[in-house]
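Okay, structure first, notes after.
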Amino acid sequence: MKHKIAVVTGASSGIGRAAALALAEAGWAVVLAGRRREALEETAALAPAGARTLVVPTDVADEASVESLFAETRRVFGRLDLLFNNAGSNAPAVPFEELSLAQWNAVVAVNLTGAFLCARAAFRLMKEQDPRGGRIINNGSISAHAPRPLSAPYTATKHAITGLTKSLALDGRPYDIACGQIDIGNAATPMTERMAEGVRQADGRIAPEPRMDVAHVGAAIVHMASLPLEANILFMTIMATKMPFVGRG
């Protein structure tokens, strides 16, 4: 496993950081991608002793920045075995009719176009390398199945990620490229701290929601990534057991 190479986007905090550290603990060399160098270096400093990490500041919504990320990965490590397409953003929770085009485009640029750009670069590298092949894991979110109130841009992009996952899983078959999706619900990260105080429910109430340790997400990513390329977890949902998702909430 010490020779396996992973790229994790959005690795500066939250789910991305948890996944990167779990992969490093499991023996992967991890390329840490995100917009904030200082935060990426904090992630690298948290990796276990002896772990191989590479910090590459990246804007996933910028084509040239993404191409530089994968070129640097190839230059330093020579190949790529895993991409965790995790970087994401959200728009303010405002009534749908008040959403601006700029707010919509900003979410689409990171969540969907960014995932496309990273997957395309990874696909090219995995197809050309020897031995060829690799794995792409997309962060779909519970919102790939059901929306929260006032979340149209985020929900739309996460539904689109499901289509991207299926297309990559199909198009990657001839080249030993597997693609799967992890849908995460209420992992305890700085972004979800507000859930402990209360978040809007479908009926308009504000209610607290249970969360789970984000380390469980890291472990799930390691499990998906550790499978041989002849096997693939196409979709995995990992969530706080008591969060209001299954049923009427």
Does any residue of segment 97-111 turn out to be of a type in the set (Asp, Glu), out of contact with any Phe, Trp or Tyr (no Cβ under 8 Å at 6 or more places or on another chain) and at positive phi? no
Is segment 160-180 home to any residue that is surrounded by 19 or more Cβ atoms within 10 Å (Cβ to Cβ), within 19 Å of Asn85 (Cα to Cα) and basic (Lys, Arg)? no
Could you check, for segment 164-175, whether at least one of its residues is under 14 Å from the mean Cα position of the chain (by Cα), part of a helix (DSSP H, G or I) and of a type outside the set (Val, Ile, Thr)? yes
Would you pick out the residues in segment 173-227 that are polar (S, T, N, Q), out of contact with any Ser or Thr (no Cβ under 7 Å at 6 or more places or on another chain) and over 19 Å from Leu23 (Cβ atoms)? Thr192, Gln201
Restricting to segment 88-130, count the residues that are surrounded by 14 or more Cβ atoms within 10 Å (Cβ to Cβ) and modelled with pLDDT under 95. 4
Output the residues belonging to segment 40-58 that are of a type in the set (A, V, I, L, M) and under 22 Å from Ser68 (Cα atoms). Leu40, Ala44, Leu54, Val55, Val56
Taking the criterion of being part of a helix (DSSP H, G or I) and at pLDDT 95 or above, would at least one residue in segment 188-206 satisfy it? no
Exactly one of Glu197, Glu209, Glu230 is acidic (Asp, Glu) and farther than 23 Å from Ser89 by Cβ, and that one is Glu230
Cβ pairs under 6 Å, 6+ apart or interchain, first in segment 132-154 and crowded, with 20+ Cβ neighbours inside 10 Å, second part of a loop (DSSP other than H, G, I, E, B) and of a type in the set (Asp, Glu), ordered by first then second residue, are Gly134/Asp81
Determine if segment 125-137 includes at least one residue that is in contact with a helix residue (DSSP H, G or I) (Cβ under 7 Å, 6 or more places away or on another chain), closer than 23 Å to Arg35 by Cα and in a helix (DSSP H, G or I). yes
For segment 213-228, how many residues are in a loop (DSSP other than H, G, I, E, B) and surrounded by 17 or more Cβ atoms within 10 Å (Cβ to Cβ)? 1
Residue count, segment 73-83 (criterion: touching a Leu at 6+ places or on another chain (Cβ under 8 Å), surrounded by 14 or more Cβ atoms within 10 Å (Cβ to Cβ) and within 18 Å of Val55 (Cβ to Cβ)): 5
Just a yes or no: is a residue in segment 132-139 under 16 Å from Leu80 (Cα atoms) and of a type in the set (A, V, I, L, M)? yes
Only unsatisfied item for Pro210, checking (1) free of Cβ contacts under 8 Å to residues at least 24 places away in the same chain; (2) surrounded by fewer than 17 Cβ atoms within 10 Å (Cβ to Cβ), is (1)
Any residue at all in segment 188-205 that's more than 18 Å from the chain's Cα centre (by Cα) and under 30 Å from Arg132 (Cα atoms)? no
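The values are calculated or read from the model by the stated rules, or taken from the named source; none is laboratory data. Since the structure is predicted, the reported quantities are computational estimates derived from the model, not experimental observations. Neighbour counts run over all protein chains shown; Cβ positions are idealised from the backbone, glycine included.
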